[in-house]
Each structure stands twice: as structure tokens, then as C-alpha cells.
1. Just checking: which of the helices (runs of 4 or more DSSP H) contained wholly in the range 146-236 hold 1 or more residues that are touching an Asp or Glu at 6+ places or on another chain (Cβ under 8 Å) and among the polar types (S, T, N, Q)?
2. Out of Asp131, Asp163, Asp112, report the one residue that is modelled with pLDDT of 95 or more, over 20 Å from Gly52 (Cβ atoms) and of a type outside the set (A, V, I, L, M).
3. Inspect all residues belonging to the range 161-178 and state whether any of them is more than 30 Å from Val78 (Cβ to Cβ) and acidic (Asp, Glu).
4. Evaluate the following for Ala175: is it surrounded by 20 or more Cβ atoms within 10 Å (Cβ to Cβ) and not polar (S, T, N, Q)?
5. Assess whether Ile134 counts as being over 15 Å from the mean Cα position of the chain (by Cα), within 23 Å of Leu63 (Cβ to Cβ) and in a helix (DSSP H, G or I).
6. Give all pairs with beta carbons closer than 8 Å in which a residue from the range 143-161 that is aromatic (Phe, Trp, Tyr) meets a residue that is at pLDDT 85 or above; count only pairs at least 6 apart in sequence or on separate chains.
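The values are calculated or read from the model by the stated rules, or taken from the named source; none is laboratory data. These numbers come from a predicted model, not from an experiment. Every residue, glycine as well, gets a Cβ built from its backbone with ideal geometry; the counts of neighbours run over all protein chains shown.
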Amino acid sequence: MKPEPLNKKEVNLVTLPADGREGMAADSVFAPSKTRDISIIGEVFRKLIHLGAIAIPIGYHFLGIGIVIPVLAFSLAVSLYLDYVRLFGSRRSRHFIRRYMGIMIRPSEKRDLIGASYILSGSILTILLFDKPIAIAAISFIVIGDTAGAIIGRIWGKVRFRDKSLEGSVSFLVACVLTGIVIPGIPFWVKIVGAVTATVVEAVTLHIDDNLIVPVTSGAIMQVIVSQMVISKYFS
């Protein structure tokens, strides 16, 4: 007597070892996750690439705006082109990009720009709008804070709210504060305010990508405080 064959759902259903959630088996390690969010492996790869964006504030510190802005503008153009191909290109082009980038693309990004386009846009705006030390701090907060918060929140997060975790948000804040220690040119308490602002905005952001809104918002708060300090000192 032949055993009854498993149906397709039973064959493909697996438990992601680092995630503890059931999802559909991927074709390869580079294939998109079929769970509600990307897998832990995808999160780690994504955040390692995200962490590479620390080159933006470091480059701005040493090279200045005249070099950094053209480089960021070119990088943004490339990222937007890849987004366009992924969203509207030929079937073969879409399949190629999704196969080799799919593991790092969140479900919410399947019809939207990826995080790289947003962080490049946010960095350009932050550099153009705010004083150099403030822009460096604000961009560093989203790069380092988001990396720490996302990985720790995904692995050890227990207290959940929306799609975030308390552990992730605390890690985000701690990473921002530690980052602020090594950034010169701003009073430390102002950097603390900026770090708290970045953490809160990242935690409550709903419809705007945090890679864009976090550096702009935290930079704006720090810029207002520093400007008020300068004005008060001038008239005192």
C-alpha cells in the first residue's frame, strides 16, 4: 500500500531555525522569505550592508560636502534605477534582482523603494539642511542605532509593540548614545536629546521610511537647540 503523498503545503512548510516561525521553504539562501518578514539571515545581511552606510558620515567628516554630495547623488541614482528595474522592468530583470536581493527585501518594500534609496535621500537632505557636526550625528544615529535595534530586537525581542520591540528600541537608544560620545562639535546633552528623538521617531514611524525621517527629524531637533544656544549666547 503506497503512502499518501503530502500535499504541496505540507511539503514546503518549514520552521525557520533562527526565527521559530513557520514559513514556506525558499529556493536558495538568496531567495525571498515567504514569512511575514524577512528571515534572521536576511536581517543580518541587510543590516551589515546598512552598517556600511557609516561611510557617509565618516566621509563627510574627512572629505567635506563638495565630494560627499556628488557621490551620494550618484549612488542614489543607481539605487533608484535598481528600484525601477525591480518594480517595472522586464520579467527577467525583475526575477534576477529579486532572486539575489530578495532575501533582504521586506514585504512592505515589494511595491516601494528599498531602504538604500531612503537612507541615501535622508543623508543628502540632512547634510544640506544642518550644520556639519549635527548632520554627522543624525546620520550616524540611524546607521548604527537601526542596526543594533533591528538585530537585537529580532533575536531577543520579547515585549512587542506594533512591529517593534522594547528590547530593540532600548538597543537603538544605547547605540545612539554611545555613538554620540565620539562625535565632536556638539554638547553631549544635545546629542542625548537627538538620540532620544531618533529612538522615538523610529519606534512610532508609520508611513514614512525611518531611514529618511529619523536623521531629518533628529537633526532638526538638534539644530534648533544649537541655534537657540548660539542666539542666547550672542544676546547675553
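1. On the way: elements: 146-156, 166-181, 188-204, 210-235.
Ranges flagged: 166-181, 210-235.
2. Asp131
3. Within the range 161-178, one or more residues are more than 30 Å from Val78 (Cβ to Cβ) and acidic (Asp, Glu).
4. On the way: surrounded by 20 or more Cβ atoms within 10 Å (Cβ to Cβ): yes; not polar (S, T, N, Q): yes.
So Ala175 fits the description; yes.
5. Working: over 15 Å from the mean Cα position of the chain (by Cα): yes; within 23 Å of Leu63 (Cβ to Cβ): yes; in a helix (DSSP H, G or I): yes.
Answer is yes for this residue.
6. Trp156/Glu167; Phe161/Ala203
Residue-wise test of (1) closer than 19 Å to Ile183 by Cβ; (2) in contact with a Leu (Cβ under 8 Å, 6 or more places away or on another chain); (3) crowded, with 24+ Cβ neighbours inside 10 Å; (4) not aliphatic (A, V, I, L, M).
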position	(1), (2), (3), (4)
Tyr118	no, yes, no, yes
Gly122	yes, yes, yes, yes
Thr126	yes, no, yes, yes
Lys132	yes, no, no, yes
Ala135	yes, yes, yes, no
Ile139	yes, no, yes, no
Asp146	yes, no, yes, yes
Ile152	no, no, no, no
Trp156	no, no, no, yes
